[in-house]
Structures are given as structure tokens and as C-alpha cells.
Amino acid sequence: MNARIGQLKKRMAISACSTSQISQKTAGYGSRIVVIDTHRDVKIEYKLVSSEEADAEKGLISTTSPIGRALLNRKVGDEVQVTTPAGSKEFEVVRLVTIHEGE
């Protein structure tokens with residue numbers, strides 16, 4: 001338990017120091033991104049988070065997951081194709097709020 005707490009404290013310190021390195025114009029850690037699933041014609045909102053924070057049911061997607069990796073560095077208007085364990089998905093980015101805008 002103490003080792004895990006140590007890992008989380010270290011990750012939080014790194015995250016706090018590096019927000020200035022996160023793009024202000026494209027999707028990155030902490031961004032809220034709204035996409036249209038072009039196969040189902042449905043809007044979906046995701047927030048890009050760390051693997052420890054991830055909760056797919058709440059729309060919290062890890063930046064290391066297939067969808068998270070595909071959405072990194074994207075901007076409004078981008079079309080994204082991603083292969084997931086559930087199959088191939090295609091999205092269009094329709095809204096983006098970066099961590100800098102949400103602060």
C-alpha cells in the first residue's frame with residue numbers, strides 16, 4: 001500500500017510540473033474532447049486522463065488506451081480511425097477544451 005501511495009505521489013508531482021508542456025491547441029492530458037462516432041452517428045464526450053484515473057463508463061479515457069492514444073494531438077475537424085478490442089471505430093472531433101482552458 002505504501003509503495004502504491006509513493007508511486008501516485010511521484011506521478012502527481014510530475015503531472016503538476018509538466019502542464020506547461022501540454023499543448024494548448026490540440027488534445028492532451030486533461031482535455032475534454034467531444035467526438036461523433038461516424039458509424040453510429042452519436043456524440044461522445046471523453047476526458048483524457050492517466051491510467052489510474054480511467055473509468056470508461058464515466059468517459060474518463062486513459063491516454064494509453066487505444067482511443068486515448070488515437071485522440072492525442074487532435075484538434076476540431078480531425079477524423080480519427082482507431083482499432084479497439086470491440087472493433088474498428090471512426091470519430092470526428094467536434095469540440096475540444098484543453099486543460100489550459102478548463103483551469
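Read the figures in this text as sums done on the coordinates, not as results from a lab. Since we're looking at a predicted model, the values are computed, not measured. Cβ coordinates were reconstructed from backbone atoms using ideal geometry, including for glycine residues, and neighbour counts include every protein chain displayed.
For region 72-78, 3J(HN,Hα) computed residue by residue from phi via the Karplus equation (6.51, -1.76, 1.60; θ = phi - 60°) reads 4, 6, 8, 9, 4, x, 5 Hz, glycine and proline entered as x.
Taking trypsin sites (Lys or Arg not before Pro) across region 33-77, the ones in a DSSP loop with at most 16 further Cβ atoms lying within 10 angstrom of their Cβ are Arg40, Lys75.
The modelled label-to-label distance for the pair Asn73/Arg95, using points 7 Å beyond Cα in the direction of Cβ, is 2.6 nm.
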